[in-house]
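Asks: Structure provided below as structure tokens; questions to follow.
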Amino acid sequence: MKTFKHAIATAVSVAALLGSLGLAPMSVSAADEASSVEKGKEVAFDRKKGNCLGCHAIAGGDLPGNIGPPLIAMKARYPDRQKLYDQIYDATKRNPNSAMPPFGRHKALSDQEISDITDFIWTL
Amino acid sequence: MKTMRILTAAAVVGALLSAPVMAGNVDPAADLKAVRDYFAKKFPETPFNDYINGVYSIDPASRAQWEAIEEFPPYEPNIDKGDELFHTAFANGKSLADCFPGYENGVRQNYPFFDKATKQVITLELAINQCREANGEKPLGYKKGAIADISAYLAFKSRGKKFDVKVEGADALAWYKRGRDHFLAKRGQLNLACADCHVYNAGNYVRADLLSPALGHVTHFPVYRSKWGELGTLHRRYGGCNKQVRAKPFKAQSEEYRALEFFHTYLSNGLEVNGPGARK
């Protein structure tokens, strides 16, 4: 009985995992990825969009703020791309008092824009 | 390192301002102590009395340049204009001077105050317009122009006098709490509270702008801002900071902003009036 329950739980979580992978853009071609990184950089640096430089030092950006930590070594620190996406989508999930705007939840950026920014940030 | 940051932020929020609200009661004296202690720890180099200088109290790098500006202050013509307006007779022969007895020795530090009779917080700018209206004159616009000039003149006459806002009785406390709530609430599309920028991140940079401490914020208003190219009132600045986080600003002299000014000025109790000021 116990094992059965466990088996179901495992199956459900595997399904959930597959589901969430399904939602994230998978196996894009190299060319698409390059363009999403470029687009992501543009949206991230745009003052009227991400304005990430307002709070974070980012390679290639001038006069960054320092409310948030420098964005470096992101792939090493966020092996799971979804975690990085989630931080940008709604930083208050991890830290309810976060000074980082919940870009996705507050619709400051579209899901696509957040996905592009995630690709860009992941290259840092 | 990451966890440390989060812990520090949460601990500060709890200790500084949020805890009493959760408990359902607000204690102004405890807030005042918490805010002073917090900044004393955060900026050990800054003497208490120096917070009246806003961002320059924590930024030696830009201070020299600012002090040079203050030697030939851009707001000087505004003080003269305010002087003139203050003494110009209304149609009925009276003037603003009749409404502000003792102005020569300084009245700025007495505002804002809670008026028990009307159960309203009265700011200096509101009192100026109430005087005009009581004498059959039209009210002035609240963000800039004549009202800022008059406010600058009265602030100048009050330099050196100390703020001592009193929060007495349940009604006054309700106004205080409303201002406090505004100050602490995350707002706008960017989800930022006044406290996020001017308490927890004071001394940090948003892009190239160093964030000033909330302590001492109000003492030097109205302010001549290079960005505006003119003088503006405290409520004009409130509107600007609300807009920055993509929130809809409230009207100057709305109850919301008067409550905010009441709370915000209480935090500067014990500091001197040094308005008008010059800022970037």
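The values are calculated or read from the model by the stated rules, or taken from the named source; none is laboratory data. Only a predicted model underlies this, so the values are computations on that prediction, with no experimental measurement involved. Methodologically, a virtual Cβ is constructed for each residue, glycine included, from the backbone with ideal geometry; neighbour enumeration extends over all protein chains shown. Side chains included, ligands, DNA and RNA excluded: accessible areas come from the protein's heavy atoms. Shrake-Rupley method; radii C 1.70, N 1.55, O 1.52, S 1.80 Å.
Asks: Could you check the range B:68-99 and list, in sequence order, the residues that are in contact (Cβ under 8 Å) with a residue 40 or more places away in the chain and in contact with a helix residue (DSSP H, G or I) (Cβ under 7 Å, 6 or more places away or on another chain)?
Replies: B:Tyr75, B:Asn78, B:Ile79, B:Lys81, B:Gly82, B:Asp83, B:Leu85, B:Phe86, B:Leu96
Asks: Follow-up question, since we're still on this one. Any chance you could count how many residues in the range B:199-216 are open to solvent by 30 Å² or more (accessible area, probe 1.4 Å), farther than 11 Å from A:Ala99 by Cα and either away from chain A (no Cβ under 12 Å) or not in a loop (DSSP other than H, G, I, E, B) (or both)?
Replies: 4
Asks: Then there is this: Can you name the residue in the range B:239-250 that is open to solvent by 20 Å² or more (accessible area, probe 1.4 Å) and within 18 Å of the chain's Cα centre (by Cα) and is also farthest from the other protein chains (Cβ to nearest Cβ) among such residues?
Replies: Among those that are open to solvent by 20 Å² or more (accessible area, probe 1.4 Å) and within 18 Å of the chain's Cα centre (by Cα), it is B:Phe250.
Asks: In addition: So B:Thr265 fits all but one of (1) in contact with a Leu (Cβ under 7 Å, 6 or more places away or on another chain); (2) under 18 Å from B:Pro28 (Cα atoms); what number is the exception?
Replies: Every listed condition holds for B:Thr265 apart from (1).
Asks: Further, regarding this structure: Out of A:Thr118, A:Thr92, I need the residue that is within 15 Å of the chain's Cα centre (by Cα), within 10 Å of another protein chain (Cβ to nearest Cβ), outside any loop (DSSP other than H, G, I, E, B) and among the β-branched types (Val, Ile, Thr). Which one?
Replies: None of the other options fit; the residue is A:Thr92.
Asks: Among the residues of the range A:74-107, count how many are surrounded by 15 or more Cβ atoms within 10 Å (Cβ to Cβ) and without any contact (Cβ under 8 Å) to a residue 24 or more places away in the chain.
Replies: 12
Asks: Still on this model: Please count how many residues of the range B:180-193 are facing chain A (nearest Cβ under 8 Å) and either aromatic (Phe, Trp, Tyr) or part of a loop (DSSP other than H, G, I, E, B) (or both).
Replies: Final tally of qualifying residues: 3.
Asks: Quickly run through the range B:64-94 and pick out the residues that are assigned to a helix (DSSP H, G or I) and open to solvent by less than 50 Å² (accessible area, probe 1.4 Å).
Replies: B:Trp66, B:Glu70, B:Asn78, B:Ile79, B:Gly82, B:Phe86
Asks: Of all residues in the range B:159-182, count the ones that are buried (at least 20 other Cβ atoms within 10 Å of the Cβ) and under 15 Å from the mean Cα position of the chain (by Cα).
Replies: The total comes to 6.
Asks: So, one more: So, B:Asp196, is that one under 25 Å from B:Glu125 (Cα atoms), among the acidic types (Asp, Glu), assigned to a helix (DSSP H, G or I) and modelled with pLDDT of 95 or more or not? Steps first, answer last, please.
Replies: Values: under 25 Å from B:Glu125 (Cα atoms): no; among the acidic types (Asp, Glu): yes; assigned to a helix (DSSP H, G or I): yes; modelled with pLDDT of 95 or more: yes.
Taking the combined requirement at face value, the residue does not satisfy it.
Asks: Please go through the range A:68-89 and give me each residue that is in a loop (DSSP other than H, G, I, E, B) and either more than 12 Å from every other protein chain (Cβ to nearest Cβ) or within 23 Å of B:Arg246 (Cβ to Cβ) (or both), ordered by number.
Replies: Just the residues of the range A:68-89 that are in a loop (DSSP other than H, G, I, E, B), to begin with: A:68-73, A:78-80.
Those that are in a loop (DSSP other than H, G, I, E, B) and either more than 12 Å from every other protein chain (Cβ to nearest Cβ) or within 23 Å of B:Arg246 (Cβ to Cβ) (or both): A:Gly68, A:Leu71, A:Ile72, A:Ala73, A:Pro79, A:Asp80.
Asks: Check A:Gly65, A:Gly61 and return the single one that is crowded, with 20+ Cβ neighbours inside 10 Å, in a loop (DSSP other than H, G, I, E, B) and within 11 Å of another protein chain (Cβ to nearest Cβ).
Replies: Details: A:Gly61 fails: crowded, with 20+ Cβ neighbours inside 10 Å.
Criteria check complete, one pass: A:Gly65.
Asks: Follow-up question, since we're still on this one. Across the range B:227-238, what is the number of residues that are part of a helix (DSSP H, G or I), over 16 Å from B:Leu184 (Cα atoms) and either in contact with a strand residue (DSSP E or B) (Cβ under 6 Å, 6 or more places away or on another chain) or open to solvent by 10 Å² or more (accessible area, probe 1.4 Å) (or both)?
Replies: Count: 3.
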